[in-house]
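Have a look at the structure below, then the notes.
The values are calculated or read from the model by the stated rules, or taken from the named source; none is laboratory data. Keep in mind the model is a prediction, meaning the values are calculated, not measured. All Cβ positions, glycine included, derive from the backbone under ideal geometry; neighbour counts span all protein chains shown.
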Amino acid sequence: MAERQFPAAVINPESKPYWDGAAQGKLMIKSCTKCNKAFFYPRTICPFCASAETVWKEASGKGEIYSHSTMRRVPEPYALAYVTLAEGPKMLTNIVDCDFDKLEIGQKVHVVFKPAKEGPPIPAFAPD
Amino acid sequence: MSIKGKAYIMGAYEHPTRKAPDKSVPQIHAESAVGALKDAGLTMKDVDGYFCAGDAPGLGPLSMVDYMGIKARHVDSTDFGGSTYIAHVSHAAQAIAAGKCSVALITLAGKPLTSSVPRAVIPTAPDASYESPYGIVVANSYGMCAARHMYEYGTTSEQLAWVKVAASHHAQYNEHAFLRDVVTVEDVVNSPMISNPLHRLDCCVITDGGGALIVTSPEVAKSLNRPKVKVMGAGESPKGQAGGDTDLTYSGARWSGPIAFAEAGVKQSDIKYASIYDSFTITVLMQIEDLGFCEKGQGGKFVSDGNLISGVGKLPFNTDGGGLCNNHPANRGGITKVIEAVRQLRGEAHPKVQVKNCDIALAHGTGGSLGVRHGSATLIMERE
């Protein structure tokens, strides 16, 4: 079965470091130096304490499936999922390089970078 | 200040069309408005407040009041998806209580069946950089919620199917319903998988259509010759991903429900009829738990064996057939939720599904997308 082609990333000044990281094979997340919490998706102002003292850091790329649903009624089915990152926050993503019928909540996964139609590659997750 | 008793729903109209290739969207708004005004015994000249949301074409209320010839002194285009119209009743009551208008018109219309506009990525949305590559649509968003609910609480596809079965039992009596065939649990679980664990029959219909409501001040209500449906209480709450502390097992109903119950001064056992937003079967299950009609995690057990069927179960719901069978105009089901609750409170539902002594009813909706960001709205109404 053909794999779904990822569209080009939407990049703006605030998200550029995330995609610059992806271009180098790094999954970038943000955390707050005031409340010491990592969050996702990344943004300038901390969603927990509204501090502007947030910093980018590279995530380990490890996580586990929080939930998943495979869209079947399309020519190229694909698995939408939330992955709980080892750093804490959950990230909306796709699970790739897998048998969709065998995906399970709690399954260990790791980040992989898949080519987009154009621009930087897209972070997705594959079973360990 | 409370809205309790400060406003009345005096007009309600569901456009009979489910497929309208020969009508424009503004036309369906206006035809619905005329229907609701006629129902109330009012005219367009009486309207001084207008409420619409993202389905209103053009520049929302500016385009629509001009199109319909309304002289408004108050407009509101709050939008949080399909549940907005339930919140509009509350917002209209607030405006009326504050003296900003006395006859509020709420309209909805759309044609997703015959002129579908694909949901495009909004590149400026704050989440666009991080979510747009992944193909999130409604079915897989709600699918993830269902999958997690099953994982945490042992909910089954058969239990979810009961929601659709109950809706179909009601829809058979609605001559306008898009789907009128009674279905079984087997029919639902054997229908094609859309986005697991949701099957085709776990999903609502896609229909063209519209609806309108008239909310008035107590003085105007008194002058009209229609049963009075009093606004008792309302709550609303957006819920999102909480910076990554995402929890898909509950909805914003957990917050909007208690606000509405407290304002109305009633409890779950007082509710004789409930309109519960049914974009998918899982939507209903989570909302009835979060509204406190059963314990968290027990929704599957609660809906089984026809507990949502009027005349059979404890909580008659969506007696028009709901979004699952009757109508989901503009892909936004909030207005039809209020309309059927008004029919029930007036005693004007179909005799086969009319709840006896229906004096207090609830309408609740989830707009947007349950698995990412959604808006919950709860409304409690009483027959006077």
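Would a scan of the stretch B:56-70 turn up a residue that is assigned to a loop (DSSP other than H, G, I, E, B), in contact (Cβ under 8 Å) with a residue 24 or more places away in the chain, in contact with a His (Cβ under 9 Å, 6 or more places away or on another chain) and crowded, with 19+ Cβ neighbours inside 10 Å? The answer is yes, given that some residue of the stretch B:56-70 is assigned to a loop (DSSP other than H, G, I, E, B), in contact (Cβ under 8 Å) with a residue 24 or more places away in the chain, in contact with a His (Cβ under 9 Å, 6 or more places away or on another chain) and crowded, with 19+ Cβ neighbours inside 10 Å. Checked against the criterion of being surrounded by fewer than 17 Cβ atoms within 10 Å (Cβ to Cβ), more than 18 Å from residue A:18 (Cα to Cα) and touching a strand residue (DSSP E or B) at 6+ places or on another chain (Cβ under 6 Å), the stretch A:79-89 has no qualifying residue. In this structure, is residue B:20 small (Gly, Ala, Ser), over 25 Å from residue B:378 (Cα atoms) and out of contact with any Cys (no Cβ under 9 Å at 6 or more places or on another chain)? Against the criterion (small (Gly, Ala, Ser), over 25 Å from residue B:378 (Cα atoms) and out of contact with any Cys (no Cβ under 9 Å at 6 or more places or on another chain)), residue B:20 qualifies.
Residues considered: B:247, B:270. Of these, the only one that is of a type in the set (Asp, Glu), out of contact with any helix residue (DSSP H, G or I) (no Cβ under 8 Å at 6 or more places or on another chain) and free of Cβ contacts under 8 Å to residues at least 40 places away in the same chain is B:247. Applying the condition of being surrounded by fewer than 19 Cβ atoms within 10 Å (Cβ to Cβ) and in contact with a strand residue (DSSP E or B) (Cβ under 8 Å, 6 or more places away or on another chain) to the stretch B:173-189 and asking which residue is farthest from residue B:158 (Cα to Cα) yields B:176. Residues of the stretch A:16-41 that are surrounded by fewer than 21 Cβ atoms within 10 Å (Cβ to Cβ), under 13 Å from the mean Cα position of the chain (by Cα) and assigned to a loop (DSSP other than H, G, I, E, B): A:25, A:26. Being more than 14 Å from chain A (Cβ to nearest Cβ) and out of contact with any strand residue (DSSP E or B) (no Cβ under 9 Å at 6 or more places or on another chain) holds for only one residue in B:219, B:236, and it is B:219. Of the residues making up the stretch A:16-42, just one is in contact with a Pro (Cβ under 7 Å, 6 or more places away or on another chain), within 8 Å of chain B (Cβ to nearest Cβ) and of a type outside the set (Phe, Trp, Tyr), namely A:38.
Hey, does the stretch B:130-142 have a residue that's more than 9 Å from every other protein chain (Cβ to nearest Cβ) and free of Cβ contacts under 8 Å to residues at least 40 places away in the same chain? No, the stretch B:130-142 has no match at all. Filtered by the rule that a residue be farther than 16 Å from residue A:38 by Cα, more than 10 Å from chain B (Cβ to nearest Cβ) and out of contact with any Gly (no Cβ under 8 Å at 6 or more places or on another chain), the stretch A:54-75 gives a lone residue, A:75.
Residue-by-condition table, conditions (1) away from chain A (no Cβ under 14 Å); (2) closer than 20 Å to residue B:296 by Cα:
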| position | (1), (2) |
| --- | --- |
| B:151 | no, yes |
| B:157 | no, yes |
| B:162 | yes, yes |
| B:171 | yes, no |
| B:174 | yes, no |
| B:180 | yes, no |
| B:187 | yes, no |
| B:199 | no, no |
| B:204 | yes, no |
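A count restricted to the stretch B:143-165 and to residues that are within 23 Å of the chain's Cα centre (by Cα) and either within 18 Å of residue B:191 (Cα to Cα) or without any contact (Cβ under 8 Å) to a residue 24 or more places away in the chain (or both) stands at 9. Residue B:331 - would you say it is within 24 Å of residue B:208 (Cβ to Cβ) and touching an Asp or Glu at 6+ places or on another chain (Cβ under 6 Å)? No, not satisfied. Return the residues of the stretch B:361-384 that are surrounded by fewer than 24 Cβ atoms within 10 Å (Cβ to Cβ) and within 17 Å of residue B:238 (Cα to Cα); say none if nothing qualifies. Correct list: B:368, B:369, B:372, B:373. For the stretch A:1-15: of the residues being farther than 27 Å from residue A:100 by Cα and free of Cβ contacts under 8 Å to residues at least 24 places away in the same chain, which is nearest to the other protein chains (Cβ to nearest Cβ)? Looking at residues that are farther than 27 Å from residue A:100 by Cα and free of Cβ contacts under 8 Å to residues at least 24 places away in the same chain, I get A:12. Taken over the stretch B:332-360, the residue count meeting the criterion of being under 13 Å from the mean Cα position of the chain (by Cα) and modelled with pLDDT of 95 or more is 10. Considering the stretch B:98-129, the residues that are surrounded by fewer than 12 Cβ atoms within 10 Å (Cβ to Cβ) and within 12 Å of chain A (Cβ to nearest Cβ) include one that is modelled with the lowest pLDDT, namely B:120. Do we have residue B:334 as out of contact with any strand residue (DSSP E or B) (no Cβ under 6 Å at 6 or more places or on another chain), within 30 Å of residue B:148 (Cα to Cα) and of a type outside the set (Phe, Trp, Tyr) here? Spelling it out, it is not the case that residue B:334 is out of contact with any strand residue (DSSP E or B) (no Cβ under 6 Å at 6 or more places or on another chain), within 30 Å of residue B:148 (Cα to Cα) and of a type outside the set (Phe, Trp, Tyr). For the stretch A:119-128, a tally of residues being touching a strand residue (DSSP E or B) at 6+ places or on another chain (Cβ under 7 Å), assigned to a loop (DSSP other than H, G, I, E, B) and closer than 16 Å to residue A:25 by Cα returns 1. If I filter the stretch A:83-118 down to residues being part of a loop (DSSP other than H, G, I, E, B) and at the interface with chain B (Cβ under 10 Å from one of its Cβ atoms), which single residue comes out as farthest from residue B:373 (Cα to Cα)? Per the criteria, the residue is A:117. Considering the stretch B:162-202, the residues that are out of contact with any Gly (no Cβ under 8 Å at 6 or more places or on another chain) and of a type in the set (Lys, Arg) include one that is nearest to residue B:300 (Cα to Cα), namely B:164.
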